[in-house]
Every structure is written in C-alpha cells, then in structure tokens.
1. Are any residues in segment 53-71 modelled with pLDDT under 95 and among the basic types (Lys, Arg), and if so, which ones?
2. With ALA40, ALA29 as the choices, which residue is surrounded by 15 or more Cβ atoms within 10 Å (Cβ to Cβ), farther than 21 Å from GLY92 by Cα and hydrophobic (A, V, I, L, M, F, W, C)?
3. Quick one: would you say GLY45 is under 12 Å from the mean Cα position of the chain (by Cα), under 21 Å from PRO91 (Cα atoms) and small (Gly, Ala, Ser)?
4. I need a count of the residues in segment 48-107 that are farther than 18 Å from PHE17 by Cβ and not in a strand (DSSP E or B).
5. Could you tell me which of the residues PHE80, PHE50 is among the aromatic types (Phe, Trp, Tyr), at pLDDT 90 or above and open to solvent by less than 70 Å² (accessible area, probe 1.4 Å)?
6. Give me the residue from segment 83-103 that is open to solvent by 70 Å² or more (accessible area, probe 1.4 Å) and more than 25 Å from ALA29 (Cα to Cα) and, out of that set, modelled with the lowest pLDDT.
Amino acid sequence: MKGLPPDLHYTAPDIGFAVLPEHSGKGYAAEAAKGVLEWAKGHLGIEAVFGFCDPLNQRSRRVLEKIGMDVRGITELRVFGEKTTAIYVLPGMSQDLAIYGLVELNT
C-alpha cells in the first residue's frame, strides 16, 4: 500500500495478510509474514515496515505482535480515508512516524 507522490503516501512498506475463515487460527499468517519480513530485510535491506489493521481485529493484532511488531497507537489516518486504524511498526523505527510520510490526524 506504499503510495507515490503527489498522492497521500508513506515511504515504508506495510505488511498485510488475509486468511480464509476455515484456515484461521493455525499460525499461517504469522509464519508467512515473518518469512516475508526476514526476506525483505535480508534481500532488500528494508528496516522500516508498518502494520495496519482495524483496532477491533484481535486476530490481526495478535499476528502483528507475534511477528515482533510494536503497537504505536490507534488513530484516524488520512491515507486510509480517516478510518480508525491500529498502527504497528518494526522495533527500532523512529517514534516520529512523520519521517516515514505517515500523517496522523488524531492521536
């Protein structure tokens, strides 16, 4: 979902996943997401990655936490049409998410 200027954009990629209901709760999303993060770091040198999800989606939040991401809060984000979103980041990312182009409306 990384955008391109002059549109609303942020400079770090985000990780996402979707699992069919009959396969949820088996660890597939966490295993796949962890593998993608390791590959992105090792082969592409990516050190900054976002994770976004609905704050009420406990399964997605649990996956993001299981793969080592830290929650940075819940806010309305312009890049998602002002929809309330839980924001996760990789450890070591700056506390100032504005440097990644993420514009927070309400914190």
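The values are calculated or read from the model by the stated rules, or taken from the named source; none is laboratory data. Worth saying up front: this structure is predicted, and the values here are computed from it rather than measured. FYI the Cβ positions are ideal-geometry reconstructions off the backbone, even for glycines, and counts take in every protein chain you see. Surface areas here come from the heavy atoms of the whole protein model, side chains and all, with no ligands, DNA or RNA. Shrake-Rupley method; radii C 1.70, N 1.55, O 1.52, S 1.80 Å.
1. Passing the criteria: only ARG59.
2. After applying the criteria, what remains is ALA29.
3. no
4. Residues in segment 48-107 being farther than 18 Å from PHE17 by Cβ and not in a strand (DSSP E or B): 19 in total.
5. Testing whether each residue is among the aromatic types (Phe, Trp, Tyr), at pLDDT 90 or above and open to solvent by less than 70 Å² (accessible area, probe 1.4 Å) leaves just PHE50.
6. The selected residue is ILE99.
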